[in-house]
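The values are calculated or read from the model by the stated rules, or taken from the named source; none is laboratory data. Since this is a predicted model, take the numbers as computed values, not measurements. Backbone-built Cβ (ideal geometry, glycine too); neighbour counts: all protein chains shown.
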Amino acid sequence: MSGLLVGLDIGATKILGVVARPDGEVLAQVRTGSPAGGAEVVATAAAVVARLRADSGHDLDGVVGVGIPGLVDTDHGTVRHAVNLGVDDGFPFSERLGTATGLRVVLDNDANAAALGAATLLGEDDVAYLSIGTGLAVATILGGVLRRGARNAAGEIGHIPVDPAGLACECGQVGCLETVASGSALAALWPSAGAPPAQALFDAAASGDAEAARVRDAFAAHLADAVRLVALTVDPEVVVLGGGVANVGERLRVAVAHALAEQATGSPFLASLDLAGRVRLVPRDVPVAALGAALLGRRDG
Ligand SMILES: [Zn+2]
């Protein structure tokens, strides 16, 4: 046994694989596009493992950890509702990838994997990881233990209704948090043909566009609502901002922290919790979700 860990982050547009040491150091990376369909995703994932074996010079026998979107049954290694990947109906992902690679597969939700990667890199074991992408979800590691929920649906905070007069949500409810605090909500508010909408918005605001600054600050306030919701529910040591919107970098953390500080001005109770000081940006120079997937194998094995 090499003692090395293997992790795959399977997303709607790309599959990223890493070989890492147990301490979190990434030794090799392979990235490729995602196909659609369960069998096709398995075949591509197996090809990524083969390339990791070649690139690292190790057999990589043992375990591969995998983070994938959708509702994941971690006991049975099956996936439902990974809509953008065309994987549904309890697809037996772990069994299929295990057969294709000869490795034992540990499967989890991609946000859970990212939370584990972020917690390791930040040196924290009490973390809420906000995944701000197409939707909005949170993954929590409390006292070192990942909370998946009795039905693997813990953290679906994007579908908590917050505004009875709000927008219709794809889930069938009205005024869900993710209709105002997600990448797709931001894209609807600030359409952009070129750069990703979040980047276009923050760039425009920084260059003095008053309307952009207003939209940015309103968006940051909704994200601050999400942080407050999580913090007042499970009181984690830190709340990490991650997902595609976090690609705008430190200025996202600054905007959300500013909104949290504003929300606390009239409340000594809220101010005493220092939520603004407990918000972190996900580390951006490391493939956090793929690393976290690799670490899933360590924890399970
Ligand atoms: Zn909803």
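Of note:
- Selected residue (criterion: surrounded by the most Cβ atoms within 10 Å (Cβ to Cβ)) from residues of the range 238-291 that are in a helix (DSSP H, G or I) and in contact with a Lys or Arg (Cβ under 8 Å, 6 or more places away or on another chain): 260
- Spans of helices (runs of 4 or more DSSP H) in the range 82-192 with at least 1 residues among the charged types (D, E, K, R): 93-101, 110-122
- Residues in the range 17-57 that are more than 20 Å from residue 68 (Cα to Cα) and hydroxyl-bearing (Ser, Thr, Tyr): 56 alone.
- Set 254, 240, 227, 279: member being at pLDDT 95 or above, in contact with an Asp or Glu (Cβ under 9 Å, 6 or more places away or on another chain), away from the ligand (no atom under 16 Å from the Cβ) and under 19 Å from residue 122 (Cα atoms): 240
- Test: residue in the range 188-197 that is surrounded by fewer than 17 Cβ atoms within 10 Å (Cβ to Cβ) and either within 11 Å of the ligand (Cβ to nearest atom) or more than 17 Å from residue 212 (Cβ to Cβ) (or both): no
- Index of the failed condition, residue 170 passing every other in (1) away from the ligand (no atom under 16 Å from the Cβ); (2) surrounded by fewer than 17 Cβ atoms within 10 Å (Cβ to Cβ); (3) within 21 Å of the chain's Cα centre (by Cα): (1)
- Any hit, the range 115-128, residues being over 17 Å from residue 178 (Cβ atoms), of a type outside the set (A, V, I, L, M, F, W, C) and buried (at least 19 other Cβ atoms within 10 Å of the Cβ): yes
- Which listed residue, of 64, 26, is of a type in the set (A, V, I, L, M, F, W, C), modelled with pLDDT under 95 and closer than 30 Å to residue 241 by Cα: 26
- Among (1) farther than 20 Å from residue 155 by Cα; (2) among the hydroxyl-bearing types (Ser, Thr, Tyr); (3) within 16 Å of the ligand (Cβ to nearest atom) - the single one residue 272 does not satisfy: (3)
- The residue of the range 140-167 that is nearest to the ligand (Cβ to nearest atom), among those that are within 20 Å of residue 75 (Cβ to Cβ) and at pLDDT 95 or above, is 140.
So that you can scan it fast, the table gives a plain yes or no per residue for (1) in contact with a Lys or Arg (Cβ under 6 Å, 6 or more places away or on another chain); (2) closer than 16 Å to residue 60 by Cβ; (3) acidic (Asp, Glu); (4) part of a loop (DSSP other than H, G, I, E, B):
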position: 8; (1), (2), (3), (4): no, yes, no, no
position: 12; (1), (2), (3), (4): no, no, no, yes
position: 18; (1), (2), (3), (4): no, yes, no, no
position: 27; (1), (2), (3), (4): no, yes, no, no
position: 35; (1), (2), (3), (4): no, no, no, yes
position: 40; (1), (2), (3), (4): no, no, yes, no
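- Residue in the range 228-235 that is assigned to a helix (DSSP H, G or I) and either aromatic (Phe, Trp, Tyr) or surrounded by 23 or more Cβ atoms within 10 Å (Cβ to Cβ) (or both) present: no
- Remark: residue 60 matches the filter, which requires a residue to be among the hydrophobic types (A, V, I, L, M, F, W, C), part of a loop (DSSP other than H, G, I, E, B) and crowded, with 16+ Cβ neighbours inside 10 Å.
- The requirement of being of a type outside the set (Lys, Arg) and in contact with a Pro (Cβ under 7 Å, 6 or more places away or on another chain) is not satisfied by residue 139.
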